[in-house]
Amino acid sequence: MEEDFRNTEQEYVSLTSGLNIVNLELERSYGDLRNAENAVKRADDSVESIIKNSAKRESDLSSTLQEMVQLQLSSKKINRT
């Protein structure tokens, strides 16, 4: 009977140890998943920021080019007079 008890106790300890290992792996996997999700979110935010910055730069370039054309036209008018 005592031997049965020791065997049952050893089996319990073994199962508990195995369960702890599985739980740790599950926590690690969940952490990896969250890290991956956060990385994707940061990448999406970066892409969005780059697109907005690019649009702003294009707008700035367009405005600068329009201003240059206006200055050239004004300069030609001044030189004619």
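Across segment 20-38, the residues whose backbone nitrogen lies under 17 Å from the label position 7 Å along the beta-carbon direction of Val47 are 36-38. Fully extending the segment from Tyr12 to Leu26 would add 3.0 nm, taking 0.36 nm per residue of separation and subtracting the current Cα-Cα distance. If you look at the Cα atoms of the chain, you get an Rg and a Dmax of 34.7, 119 Å. Other residues within the sphere of radius under 12 Å centred on the Cβ of Gln10, judged by their own Cβ, net out at -3 (K and R +1, D and E -1). Counting charges near Leu65 (Lys, Arg +1; Asp, Glu -1) among other residues having Cβ under 14 Å from its Cβ returns a value of -2. Helices in the chain, meaning DSSP H runs of at least 4 residues, each add -39500 (n - 2.57). Divided by all residues, the mean residue ellipticity at 222 nm is -37500 deg cm²/dmol.
Among residues other than Leu19 with Cβ under 13 Å from its Cβ, the summed charge is -3 (Lys and Arg +1, Asp and Glu -1).
No value in this document is a laboratory result; all are computed from the given coordinates. Since the structure is predicted, the reported quantities are computational estimates derived from the model, not experimental observations. Neighbour counts run over all protein chains shown; Cβ positions are idealised from the backbone, glycine included.
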